[in-house]
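The values are calculated or read from the model by the stated rules, or taken from the named source; none is laboratory data. All values reported here derive from a predicted model rather than from experimental measurement. With ideal geometry, Cβ positions are generated from the backbone for all residues, glycine too; neighbour counts draw on all protein chains shown. To get the accessible areas, we keep the full protein, side chains included, count just its heavy atoms, and leave off ligands, DNA and RNA. Shrake-Rupley method; radii C 1.70, N 1.55, O 1.52, S 1.80 Å.
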Amino acid sequence: MKTLDRARLETLHAAERERFAGEHPRSMELFERAKASLHDGVPMNWMVRWASPFPPFVESAEGASFRCVDGHDYIDFCLGDTGAMAGHGPAATVAAVERQLRRGITHMLPTEDAIRVGEELQRRFGLPFWQFTLSATDANRFALRLGRQITRRSKVVVHDYCYHGTVDETFAVLDDAGNVVPRHGSIGPQVDVAETTRVVEFNDIAALEQALADRDVAVVLFEPALTNIGIVLPDEGYLEAVRELTRRTGTLLLIDETHTICAGPGGATKAWSLEPDLLVIGKTIGGGIPIATYGFSAEVADRIRAATSYEDADVGGIGGTLAGYALSLAAARATLGEVLTDAAFEQMLPLGARWADGVDSVIRSHDVPWHVTRLGARAEYHFTPEPPRTGKEQWDNSDPELEAFLHLWAMNRRILMTPFHNMALMSPATTADHVDRHTEVFAEAVETLFG
């Protein structure tokens with residue numbers, strides 16, 4: 001297999017940086033202006049992670065594309081890192097939001113839309129009861145609080161190199177000696193994360209059995225497949241063994257479908273016949289309007305009622321003034337009912353396969369030691385010849401310089417990928433032409449790198 005010439009990579013990368021700056025003068029002007037009022041010139045710190053010298057500023061977005069202020073039209077496979085999985089400005093969601101804006105944005109009172117969304121979530125995921133938040137981070141935090149309350153246990157188990165939003169208990173990894181330590185880059189941990197969290201490698205059922213043995217774990221919080229570190233798929237039988245172990249030890253299983261919803265309209269839970277006690281999903285369901293949700297089984301619902309005081313509902317650390325507000329539920333009802341439908345996934349899933357097949361054909365034809373992994377409507381290439389089995393394996397084989405070059409190469413040819421990894425996501429507005437254009441651009445990049 002071919003090896004990468006690092007000097008050639010740096011020369012090519014420098015040329016791509018220069019090209020981007022030359023073709024985006026207006027974005028550069030706005031970026032320089034932004035530094036006077038926005039820390040590091042961006043409204044949210046993640047935006048410094050783009051591979052370009054500065055981010056392209058957006059003028060407008062529609063469907064699976066956007067136009068930057070310099071007049072360039074981009075095919076968007078990032079889709080707001082899943083927040084715009086429904087596409088940019090889906091007509092049904094926009095119409096529902098416009099109607100609700102005129103009828104009242106928030107009242108801290110329920111609307112019929114909330115019932116409709118709860119019923120649709122029941123249908124998709126199989127859990128009977130639902131509550132709403134503004135983000136998946138909040139949904140995960142609330143679910144963990146409830147889990148500790150009803151089990152009277154103190155610990156949480158997560159996967160090594162997991163991601164569940166900004167939940168304190170999840171910023172934990174294993175060091176080389178197997179100790180639980182804060183993840184690199186964790187900012188201002190409140191407590192030693194080893195006090196709250198146990199960490200196991202993905203696909204390591206023996207480690208999970210050991211972590212649960214003393215029955216002091218309230219909740220196992222897992223994605224069915226790792227996504228944020230890169231797509232890592234479960235071994236055959238792994239998730240079934242997780243469910244058996246959690247039931248045997250009286251531990252609650254909380255599945256976070258925020259990213260794995262790409263597996264189908266009911267996420268991996270429906271696609272793989274999983275049976276969680278609790279489930280969280282955020283980002284996608286509001287079509288861009290902030291909303292998330294957590295659901296739970298009837299047994300969990302009964303235990304919550306028995307273990308919590310309704311007199312203290314507003315001061316117990318669960319909920320929020322804008323959680324479940326009218327505008328967000330109107331958006332979710334339209335998005336789930338008219339945009340991210342079962343029929344939409346029937347188009348999105350084959351496009352995910354087409355994207356993966358295109359990338360795989362390029363990798364094979366150029367004899368490059370990389371691999372592509374697909375999870376439904378989402379796919380990604382890894383800088384390893386075989387798919388990773390754990391988060392650490394994916395982390396150890398990351399190549400930030402190569403990744404940044406490939407991202408910038410795509411950006412300069414008007415394709416936007418997810419900035420944190422080599423990942424693409426399909427939306428209902430994505431087309432086969434969009435996918436095929438990516439294959440062309442990716443092939444040009446590999447040919448230029450390796451000859």
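Selection of segment 129-145 for residues being open to solvent by 20 Å² or more (accessible area, probe 1.4 Å) and either in contact with a helix residue (DSSP H, G or I) (Cβ under 6 Å, 6 or more places away or on another chain) or more than 16 Å from Asp277 (Cα to Cα) (or both) yields Phe129, Trp130, Phe132, Leu134, Ser135, Thr137, Asp138.
The number of residues in segment 365-392 being in contact (Cβ under 8 Å) with a residue 60 or more places away in the chain, of a type outside the set (Lys, Arg), more than 20 Å from Leu9 (Cα to Cα) and buried (at least 18 other Cβ atoms within 10 Å of the Cβ) comes to 9.
Applying the selection to segment 432-451, what residues are under 27 Å from Met1 (Cα atoms), open to solvent by 40 Å² or more (accessible area, probe 1.4 Å) and outside any loop (DSSP other than H, G, I, E, B)? It would help to see each step written out before you state the result.
Filtering segment 432-451 down to residues under 27 Å from Met1 (Cα atoms) leaves 435-451.
If we keep only those that are open to solvent by 40 Å² or more (accessible area, probe 1.4 Å) as well, we get 436-437, 440, 444, 447, 451.
Residues satisfying the conditions are Asp436, Arg437, Glu440, Glu444, Glu447.
Scanning segment 159-172 for residues that are closer than 19 Å to Ala206 by Cβ and surrounded by fewer than 22 Cβ atoms within 10 Å (Cβ to Cβ) yields no hits at all. Among the residues of segment 184-213, those identified as in contact with a strand residue (DSSP E or B) (Cβ under 9 Å, 6 or more places away or on another chain), surrounded by fewer than 17 Cβ atoms within 10 Å (Cβ to Cβ) and in a loop (DSSP other than H, G, I, E, B) are His184, Ser186, Pro189, Asp192. Kindly evaluate Asp176 against the criterion of being among the acidic types (Asp, Glu), more than 26 Å from Pro388 (Cα to Cα) and open to solvent by 50 Å² or more (accessible area, probe 1.4 Å). When the stated conditions are applied, Asp176 does not pass them.
Scanning segment 394-422 for residues that are without any contact (Cβ under 8 Å) to a residue 12 or more places away in the chain and either surrounded by 17 or more Cβ atoms within 10 Å (Cβ to Cβ) or not charged (D, E, K, R) (or both) yields one hit, Pro400.
Could you name every one of the helices (runs of 4 or more DSSP H) located completely within segment 339-431 that has at least 2 residues being under 20 Å from the mean Cα position of the chain (by Cα) and among the aliphatic types (A, V, I, L, M)?
Details: elements: 342-365, 391-396, 400-411.
Helices (runs of 4 or more DSSP H) meeting the threshold: 342-365.
Residues that are in a loop (DSSP other than H, G, I, E, B) and open to solvent by less than 100 Å² (accessible area, probe 1.4 Å) within segment 95-128 comprise Gly104, Ile105, Thr106, His107, Thr111, Gly126, Leu127, Pro128, listed in sequence order. In the condition set (1) in contact with a strand residue (DSSP E or B) (Cβ under 7 Å, 6 or more places away or on another chain); (2) farther than 30 Å from Ala95 by Cβ, Gly282 is compliant with all but (2).
Of the listed requirements (1) without any contact (Cβ under 8 Å) to a residue 24 or more places away in the chain; (2) in contact with a strand residue (DSSP E or B) (Cβ under 8 Å, 6 or more places away or on another chain), Ala177 misses just one: (2). The requirement of being in a helix (DSSP H, G or I), within 29 Å of the chain's Cα centre (by Cα) and over 13 Å from Leu408 (Cα atoms) is fulfilled somewhere in segment 14-28, by at least one residue. Annotation: Ile75 fulfils all but one of (1) in a loop (DSSP other than H, G, I, E, B); (2) within 22 Å of the chain's Cα centre (by Cα); (3) buried (at least 20 other Cβ atoms within 10 Å of the Cβ); the unmet one is (1). The set of residues from segment 141-172 being assigned to a helix (DSSP H, G or I) and under 15 Å from the mean Cα position of the chain (by Cα) comprises just one member, Thr170.
Taking each residue of segment 341-364 that is open to solvent by 60 Å² or more (accessible area, probe 1.4 Å) and looking for partners that are at pLDDT 95 or above with beta-carbon atoms closer than 7 Å, six or more apart or interchain, yields Asp342/Pro265; Gln347/Pro428; Arg354/Ala432; Arg354/Val435. Any residue in segment 428-451 that is modelled with pLDDT of 95 or more sitting within a Cβ distance under 6 Å of a residue that is assigned to a helix (DSSP H, G or I) and open to solvent by 40 Å² or more (accessible area, probe 1.4 Å)? List the pairs, counting only those 6 or more apart or interchain. Filtered contacts from segment 428-451: Val435/Arg354.
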